[in-house]
1. Over all directions, average the projected area of the Cα convex hull of the range 98-187 and note it in nm².
2. Compute the relative contact order of the range 28-143 as a whole-number percentage, counting only Cα pairs closer than 8 Å that sit 6 or more residues apart in sequence.
3. Could you pull the Rg and Dmax for the range 121-245, using just the Cα atoms, both in Å?
4. Antiparallel as a % of all DSSP beta bridges within the chain, to the nearest 5?
5. Can you give me the long-range amide H partners of Val218? Hydrogens built in the peptide plane at 1.01 Å from N, cutoff under 5 Å, separation of 5 or more residues or another chain.
6. May I ask you to evaluate 6.51 cos²θ - 1.76 cosθ + 1.60, the Karplus curve with θ = phi - 60°, for each residue of the range 192-202 and list the ³J(HN,Hα) values in order in whole Hz, giving x for glycine and proline?
7. Amide H neighbours of Asn95 under 5 Å, at least 5 residues apart or on other chains, H built in the peptide plane: list them.
8. Arrange the peptides 76-82, 210-216 so that the one whose residues have, on average, the most other Cβ atoms within 10 Å appears first.
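Where a number appears in this text, it was derived from the coordinates with a stated rule and is not lab data. Not measured: the values here are computed from a predicted model. Every residue, glycine as well, gets a Cβ built from its backbone with ideal geometry; the counts of neighbours run over all protein chains shown.
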Amino acid sequence: MPVISLEAITKVYKLGDNQVDALRGVSLDIDAGEFVSIVGPSGSGKSTMMHILGCLDRPTDGHYLLNGKDVSALSRDALAEIRNRQIGFVFQGFNLLPRTTALENVEVPLLYSRPILPAAERRARAMAALEMVGLGNRADHHPNQLSGGQQQRVAIARALVNQPSLILADEPTGNLDTKTSIDVMRTLQELREKQGITIVLITHEADIAAYGTRIIAVRDGLILSDKANAPRPALEDEVAPVPMAAVN
């Protein structure tokens, strides 16, 4: 059973008298343990797709099955519960709380878990997530004491702390330099390879998309291509940009 199954998904936005067809009948399956990169220019529909995959928005028509359950028409509360339990989010901005430590930042999603976890268990799970991304020795550091790459790895640990089946990464290297971007992509690759976590990455950068096992190109609300990919090794000597034509 796919982790993600989109069936003829459409999304229409009404802007006054105008109608914008952001997605136009998208169908897509993503299996457990895949690392899928979704690429496309601004306005292509990739961000709308991410919002639907993350249960942040509902499709206008069609069905979205997450781990076999149709979540297309669930209530806001039900969608919030799914986001907290099944999906981890990593964004371009790290969105860390500036006055709390790395460990406390990672604990935040656990504060909304039901039933409420004991403080010792929350701390243990947050520390385990930090160690998973190689930051166990930075647990007591505040964001301003961490590099950009370390802050993004804290954000990844936060996404992992509820043990989701899916991580959605929206332009996770957009604020990072090349070397730091490589470190973040190495972390995501290792999560897939060692933990079996399904990863969906949204990016407009072809060289970042090339780290995935599959590349889906989107334009004008449609899937233009969907190809298997030999993942690019996350090594410092592998930094030459990949032409966008390679993913179209």
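1. Numbers: hull surface 23.8 nm².
Over all viewing directions, the range 98-187 projects a mean Cα-hull area of 6.0 nm².
2. Details: 79 pairs, mean separation 21.9, N = 116.
Here the relative contact order equals 19 percent.
3. 15.3, 48
4. Around 55 percent of the beta bridges assigned by DSSP in the chain are antiparallel ones.
5. It is Val39, Gly40, Leu224, by chain and number.
6. Per-residue couplings from phi come out as 5, 6, 9, 10, x, 6, 7, 10, 10, 10, 9 Hz.
7. When sequence neighbours closer than 5 places are left aside, there are no close amide H contacts.
8. 210-216, 76-82
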